[in-house]
Amino acid sequence: MSEQTTSVADTAGDDLAQSTSEASLRRTEARSAEIEAQIAQDPTGFRVMTGDRPTGNLHLGHYFGSLANRVRIQDAGVETFILIADYQVITDRDGTGPIHERVMGMLADYLAIGLDPRRTTIYAHSAVPALNQLLLPFLSLVTDAELRRNPTVKAELEATGDRPMSGLLLTYPVHQAADILFCKANLVPVGRDQLPHLEQTRVVARRFDERYGRVDPARPVFPQAEALLSKASTVLGLDGTKMSKSKGNVIELGMDADTTAKLIRKAVTDSNRQITYDPENRPEVSNLLMLASLCTGRDPVEIADEIGDGGGGGLKKLVTESVNEFFAPIRARRVELAADPGYLIDVLRKGNARANEVGDATLAEVRAAMNMVY
Ligand code: TRP
């Protein structure tokens, strides 16, 4: 166990900035492809952890961007932890809002898409004390300057307008490091915007090892977690911009077929009746074609050829059918699940209990490394 004090390096901000540079992004992408190959060979070497903020219902952008990937990884045999990040809801807003409904809704979405509670641990921040307690030693390992430079914190601060930054918003990357490290996850499927958090997590794990030492001299208490960037294409909203609830351009997983049809009817297209797949020049039309492609497994160019000069109307009809057909079984399961709140709460309680077991074991090791076992 190391007795000497190590100062917090002041270069981490640069590391964080670098983690989003083009070259570094290419390396992360290449590494993700390697990891995918390793998973296919032997899934047991990985523990995956990821999660979502329960601030609204999950939508098709989430599904094709990350949720489908999680199910795939689970089905490949990788042990998976999925966090409903309820404490992260209050980083940038006053109060918890309809949190109970949102947590239950998110859980219903997760189960409906095929996350299986027998194989995947689903739990909430607020129910896992050991996870939250890791925040204390972890905060000793970062400087406020470093946190202020975190690109994701900066972006989220900007998004909240003139709202003063809360202490929780400033420190939430460290809390997110605790999310990942409490279960010693070594693989985190995330979008690009979350890469600075991953770098921060590695920095925390490294500094913990340098400053507080080990229990087993052969290995650090915490692993170096890697990002797994999903190959999935981004689905935009119905107006061709980022799919986001606040823009009203979203199709939610749990919406019914009629609502879906109505929303797609209002989607933005252009005046050219000949439908072509041309993401560069016709982003809205191409996004709708991509959505149909993801739902049918067909090539978007082939779909465009089939619609031919059918115009926006023909395109929307095909997209509506594709989306409604693909999501019909998921939606039917979701309706059943939502009608059984007793089952949902039982799944969450079991997930919480398992997360507590894992978190308590990690915290015991942390106390031992820090000489705080009394
Ligand atoms: N910040 C993530 C998001 O907004 C959610 C999240 C919380 C998360 N804790 C995590 C993702 C840990 C990956 C790992 O999407």
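Output yes when any residue across the range 264-276 is assigned to a helix (DSSP H, G or I) and exposed (fewer than 13 other Cβ atoms within 10 Å of the Cβ), and no when none is.
No, the conditions are met nowhere in the range 264-276.
Spot the failing condition for residue 22; the list is (1) within 13 Å of the ligand (Cβ to nearest atom); (2) free of Cβ contacts under 8 Å to residues at least 60 places away in the same chain, and only one is missed.
The single condition residue 22 does not satisfy is (1).
Select from the range 152-168 the residues that are open to solvent by 40 Å² or more (accessible area, probe 1.4 Å), touching a helix residue (DSSP H, G or I) at 6+ places or on another chain (Cβ under 7 Å) and either within 13 Å of the ligand (Cβ to nearest atom) or modelled with pLDDT of 95 or more (or both) and list them in ascending order.
156
Answer yes or no as to whether residue 194 is near the ligand (Cβ under 10 Å from one of its atoms), surrounded by fewer than 21 Cβ atoms within 10 Å (Cβ to Cβ) and closer than 26 Å to residue 27 by Cβ. Please lay out each step first, then the result.
Working: near the ligand (Cβ under 10 Å from one of its atoms): yes; surrounded by fewer than 21 Cβ atoms within 10 Å (Cβ to Cβ): yes; closer than 26 Å to residue 27 by Cβ: yes.
Yes; evaluated as a whole, the condition is true for this residue.
Quick one: count up the residues across the range 270-298 that are of a type in the set (Asp, Glu) and touching an Asp or Glu at 6+ places or on another chain (Cβ under 9 Å). I'd like the intermediate steps shown before the answer.
Kept after step one, since they are of a type in the set (Asp, Glu), are these residues of the range 270-298: 270, 278, 280, 284.
Those left that are additionally touching an Asp or Glu at 6+ places or on another chain (Cβ under 9 Å): 270, 284.
So the answer is 2.
Give the residues of the range 85-106 that are among the aliphatic types (A, V, I, L, M), under 16 Å from the mean Cα position of the chain (by Cα) and farther than 21 Å from residue 47 by Cβ, sorted by residue number.
Our first condition is that a residue be among the aliphatic types (A, V, I, L, M); within the range 85-106, this holds for 85, 89-90, 99, 103-104, 106.
This time we only want the ones that are under 16 Å from the mean Cα position of the chain (by Cα), so: 85, 89, 103, 106.
Once the filter is applied, which keeps residues that are among the aliphatic types (A, V, I, L, M), under 16 Å from the mean Cα position of the chain (by Cα) and farther than 21 Å from residue 47 by Cβ, the range 85-106 yields 89, 103, 106.
Take residue 120 and decide whether it is in contact with a Ser or Thr (Cβ under 8 Å, 6 or more places away or on another chain) and modelled with pLDDT of 95 or more. It would help to see each step written out before you state the result.
Working: in contact with a Ser or Thr (Cβ under 8 Å, 6 or more places away or on another chain): yes; modelled with pLDDT of 95 or more: yes.
The answer is yes for residue 120.
Just the residues that are in contact (Cβ under 8 Å) with a residue 40 or more places away in the chain and open to solvent by 50 Å² or more (accessible area, probe 1.4 Å), please, taken from the range 353-374. Lay out the reasoning, then the answer.
Filtering the range 353-374 down to residues in contact (Cβ under 8 Å) with a residue 40 or more places away in the chain leaves 354-356, 358-360, 362-363, 365-366, 368-371.
354, 360, 371 - these are the residues of the range 353-374 that are in contact (Cβ under 8 Å) with a residue 40 or more places away in the chain and open to solvent by 50 Å² or more (accessible area, probe 1.4 Å).
What do you reckon, is residue 174 over 25 Å from residue 44 (Cβ atoms), crowded, with 21+ Cβ neighbours inside 10 Å and away from the ligand (no atom under 13 Å from the Cβ)?
Working: over 25 Å from residue 44 (Cβ atoms): yes; crowded, with 21+ Cβ neighbours inside 10 Å: yes; away from the ligand (no atom under 13 Å from the Cβ): no.
So residue 174 does not fit the description; no.
Would you confirm whether any residue within the range 25-40 is outside any helix (DSSP H, G or I) and open to solvent by 30 Å² or more (accessible area, probe 1.4 Å)? Break it down into steps so the answer makes sense when it comes.
Initially, the range 25-40 is screened for residues outside any helix (DSSP H, G or I), giving none.
Scanning the range 25-40 turns up no residue that is outside any helix (DSSP H, G or I) and open to solvent by 30 Å² or more (accessible area, probe 1.4 Å).
Taking the criterion of being among the aromatic types (Phe, Trp, Tyr) and not in a loop (DSSP other than H, G, I, E, B), would at least one residue in the range 99-116 satisfy it? Before you say what the answer is, go through the steps one by one.
Within the range 99-116, the subset among the aromatic types (Phe, Trp, Tyr) is 110.
Next, only the ones that are not in a loop (DSSP other than H, G, I, E, B) stay: 110.
Among the residues of the range 99-116, at least one is among the aromatic types (Phe, Trp, Tyr) and not in a loop (DSSP other than H, G, I, E, B), which makes the answer yes.
The values are calculated or read from the model by the stated rules, or taken from the named source; none is laboratory data. Every value quoted in this text rests on a predicted model; they were computed, and no experiment measured them. Every residue, glycine as well, gets a Cβ built from its backbone with ideal geometry; the counts of neighbours run over all protein chains shown. Keep in mind that these areas ignore ligands, DNA and RNA; they rest on the heavy atoms of the full protein, side chains included. Shrake-Rupley method; radii C 1.70, N 1.55, O 1.52, S 1.80 Å.
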